[in-house]
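Following: one structure in structure tokens, then a few remarks.
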Amino acid sequence: MDKSKRAAVLAGNWKMNKTPEEAKEILNGLLPALKGADCTVVVCVPYTDLGVAVELCRGSNIHVGAQNVHFKESGAYTGEISPLMLVEAGVEYVIIGHSERRQYFGETDETVNLRAKAALEHGLKPIICVGELLEERENGTTEQVVTRQVKAALADFTAEDMANTIIAYEPVWAIGTGKTATSEQAGEVCGLIRRTVAGLFDAKVADALTIQYGGSMNPKNCDELLAQPDVDGGLIGGAALKVDDFTALVNSASK
Ligand code: 13P
């Protein structure tokens, strides 16, 4: 698999962490440290940090993302944020279908698809998360679950949509647990995702797709994970909140 056909993207998912003041501190550490990065760097911060992040990262090589988006442009959807709002705020990327949203907030394959399509329609780049539960890994249904999630998320996508989409493979049992998938396990499922995309579209679309691994990725295990032919970057939780760790991960993805 020829990795030069696609961009390496290292994205931090800050989850529900950091106030705007705290965000400033991290970003002021990351901006000089990541100046020479040879991969695409994204920070997906809480909504309340977007203003600060966009302002600080303007003109730099750090792109700003959100962690969710609604599929309508406006309306009676208390607590939601629309794609129009994100675009006007200067956001470029948006995480969709993270397992924490699926687990705690009723996100389904169908709403993941609606959100991703709405993001694309407004020029936002979706980072679509898929991944099996521990129980599913143990009962041997990983392939079935991930294939279903990918197909549902990409329903009605065009090849052009795919050029602006990232898929993140995040095995749920590896998120925040310190339990990383082995590089073989990560590589295997990322390969499965690429084959699924090739089946839905064609080899060219699949070859150009950036597929990230996420789940307890850290400076110690990143080289091995990122060396897998089908792993083109990472979606980083805990380690994205530490300037030194995130810098080490970006450097690894830049190799
Ligand atoms: P951790 O890196 O903390 O395991 O989180 C991964 C994740 O969920 C990124 O979206």
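A short reminder: the numbers here are calculations on the coordinates, not readings from a lab. On a predicted model such as this, the values are computed, not experimentally measured, just so you know. Counting neighbours? That spans all protein chains shown, and the Cβs are built from the backbone with ideal geometry, glycine included.
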Rg and Dmax of the chain, Cα atoms only, in Å: 16.7, 48
Cα point-scatterer Debye curve for segment 63-130, base-10 log of I(q)/I(0) at q = 0.17, 0.22, 0.27 Å⁻¹: -0.52, -0.87, -1.26
Length-normalised contact order for the chain - Cα pairs under 8 Å, 6+ apart - percent: 23 percent
Spatial separation of Cα centroids for segment 7-21 and segment 131-151, in angstrom: 26 Å
Pairs of alpha carbons in segment 58-177 whose separation is greater than 16 Å (percent): 61 percent
Highest-MSF residue in the chain out of 162, 85, 217 [GNM, Cα springs under 10 Å]: 85
Under-5 Å amide H pairs with residue 95, H placed in peptide plane, nonlocal only: 66, 67, 68, 127
P(r) of segment 106-244 over all Cα-Cα pairs, binned every 5 Å from zero, in whole percent: 2, 11, 20, 23, 20, 14, 8, 1, 0
Equivalent ellipsoid, segment 1-82 (semi-axes from 5 times Cα gyration tensor eigenvalues, Å): 25, 19, 10
Karplus 3J(HN,Hα) series, Hz, for segment 159-172 with 6.51 cos²θ - 1.76 cosθ + 1.60 (x for Gly, Pro): 4, 5, 4, 5, 5, 10, 10, 10, 10, 10, 8, 10, x, 4
Per-q log10 I(q)/I(0), segment 167-255, q = 0.20, 0.26 Å⁻¹ (Debye; single scatterer per alpha-carbon; no solvent): -0.86, -1.27
Vicinal HN-Hα couplings computed from phi for segment 56-72 (Karplus, 6.51 cos²θ - 1.76 cosθ + 1.60; Hz; Gly/Pro x): 5, 8, 4, x, 9, 9, 9, 9, 10, x, 9, 10, 5, 7, 7, 8, 9
Simple spin-label estimate for residue 38 and residue 80 in nanometres, 7 Å along Cα-Cβ: 4.3 nm
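Can you give the helix-only mean residue ellipticity at 222 nm for the chain, where every DSSP H stretch with n ≥ 4 adds -39500 (n - 2.57) and the sum goes over all residues, rounded to the nearest 500 deg cm²/dmol?
After summing the helix terms and dividing by the residues of the chain, the value is -12500 deg cm²/dmol.
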Rule-of-thumb Rg ratio for segment 92-138 [Cα; 2.2 N^0.38 Å; N residues]: 1.23
Point-to-point label distance, residue 89-residue 223, nm (Cα→Cβ direction, 7 Å offset): 3.8 nm
Given 117/255; 117/242; 220/255; 15/125; 3/72; 117/220, the pairs whose alpha carbons are separated by over 27 Å: 117/255; 117/242; 3/72; 117/220
